[in-house]
Amino acid sequence: MECASEIQTLFPELRVQAGRRLSECTTFRVGGPCPLLIDAPSAGSLPALIKALHERNLAFLVIGQGSNLVISDEGLDCVIVRFCSEKPEIQTDAGRVTVSGSTLLDDFARITVGNNLGDLTFCTGIPGTVGGGVAGNAGAFGRQIGDHLISAEILAPDGSVRSVHSEELEFSYRHSRLKETGEILLSATFELPMLEKNELQAERERILQFRK
Ligand SMILES: Cc1cc2nc3c(=O)[nH]c(=O)nc-3n(C[C@H](O)[C@H](O)[C@H](O)COP(=O)(O)OP(=O)(O)OC[C@H]3O[C@@H](n4cnc5c(N)ncnc54)[C@H](O)[C@@H]3O)c2cc1C
């Protein structure tokens, strides 16, 4: 893609690769090529990147860990922005926790347990990112991530950012409004009760064994 070097120059902190196969980005290892794959592990550069793509009329799709994607062998004719990181970005303030959309769901569950915060143990072992999880209202054992979210930072496809309350995300079973609008979850804030760490840890272990 012609603009690859321009995008790389504008965002030297991001990895910009042309002609990669999307099978490298999906759990099921399926998916043909895309013109440009951009790794954006942190929310910091994302608004400016999306604005730059928008201004250049470049179609794009933001993905997370690719655990809920089945992509054709023909690939996708748009820029793929992978917003996924193995370095959790989480801030806790008493019972309020703000987490980047790129953080892995299981890391989020593990760290909240470690901070005596419940009860996101149901996220234990669910593959994917918080962003993908909020977009699809991921859940297990009758509970889902939207139940605990109080607000979120949302990035529109034109690069503008706004804060929304939980109700505006219109959560329902494995669904949120983000699926319809193409907006991107930059970060989410949860209000969580303080619970007994040993009990949360035991529940996490139980779920890990169950999933195994
Ligand atoms: C073995 C296995 C077990 C699973 N178990 C469960 C389970 O118990 N419960 C459950 O709910 N799901 C489960 N899933 C499905 C999957 O884990 C979830 O859907 C997960 O939330 C997807 O996250 P992801 O980052 O991989 O998203 P991706 O697969 O990368 O993307 C999925 C969709 O979300 C969108 N998206 C990704 N990131 C963002 C973002 N930041 N903002 C807005 N939209 C975004 C993408 O555009 C795409 O439309 C399982 C999958 C596998 C393979």
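The values are calculated or read from the model by the stated rules, or taken from the named source; none is laboratory data. All values derive from a computational prediction rather than experimental measurement. For neighbour counting, all protein chains shown are included, and Cβ atoms are generated from backbone atoms with ideal geometry for every residue, glycine included. Just so you know, the surface numbers come from the protein's heavy atoms only, side chains and all, with ligands and any DNA or RNA stripped out. Shrake-Rupley method; radii C 1.70, N 1.55, O 1.52, S 1.80 Å.
Regarding ILE80, is this residue within 16 Å of the ligand (Cβ to nearest atom), open to solvent by less than 50 Å² (accessible area, probe 1.4 Å), assigned to a loop (DSSP other than H, G, I, E, B) and not small (Gly, Ala, Ser)?
So ILE80 fails the test.
Kindly indicate the residue of the stretch 10-37 that is open to solvent by 10 Å² or more (accessible area, probe 1.4 Å) and of a type in the set (Ser, Thr, Tyr) and also nearest to the chain's Cα centre (by Cα) among those meeting that condition.
So, considering only residues that are open to solvent by 10 Å² or more (accessible area, probe 1.4 Å) and of a type in the set (Ser, Thr, Tyr), the one nearest to the chain's Cα centre (by Cα) is THR27.
For (1) over 15 Å from GLY131 (Cβ atoms); (2) within 11 Å of the ligand (Cβ to nearest atom), each residue gets a yes or a no:
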position: ALA59; (1), (2): yes, no
position: VAL70; (1), (2): yes, yes
position: ASP73; (1), (2): yes, no
position: CYS84; (1), (2): no, yes
position: LYS87; (1), (2): no, no
position: ILE90; (1), (2): no, no
position: THR98; (1), (2): no, no
position: SER102; (1), (2): no, yes
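Please determine, by comparing only the residues of the stretch 104-136 that are over 12 Å from the mean Cα position of the chain (by Cα) and among the small types (Gly, Ala, Ser), which one is nearest to the ligand (Cβ to nearest atom).
The selected residue is GLY125.
With the requirement that a residue be charged (D, E, K, R) and modelled with pLDDT of 95 or more, what does the stretch 1-54 give you?
GLU13, ARG15, ARG20, ARG21, GLU24, ARG29, ASP39, LYS51
Sort out which residues of the stretch 114-139 are in contact (Cβ under 8 Å) with a residue 40 or more places away in the chain, closer than 22 Å to THR27 by Cα and open to solvent by 10 Å² or more (accessible area, probe 1.4 Å), and write them in order of number.
Selection gives GLY125, PRO127, GLY131, GLY132, ALA135, GLY136.
Just to be sure before I move on: is VAL97 among the β-branched types (Val, Ile, Thr), at pLDDT 95 or above and within 18 Å of GLY182 (Cα to Cα) in the structure I sent?
Considered against the rule, which asks whether it is among the β-branched types (Val, Ile, Thr), at pLDDT 95 or above and within 18 Å of GLY182 (Cα to Cα), VAL97 comes out as no.
Going through the stretch 158-204 one residue at a time, which ones are open to solvent by 90 Å² or more (accessible area, probe 1.4 Å) and away from the ligand (no atom under 15 Å from the Cβ)?
Hits for the stretch 158-204 are HIS165, GLU167, GLU191, MET194, GLU196, ASN198, GLU199.
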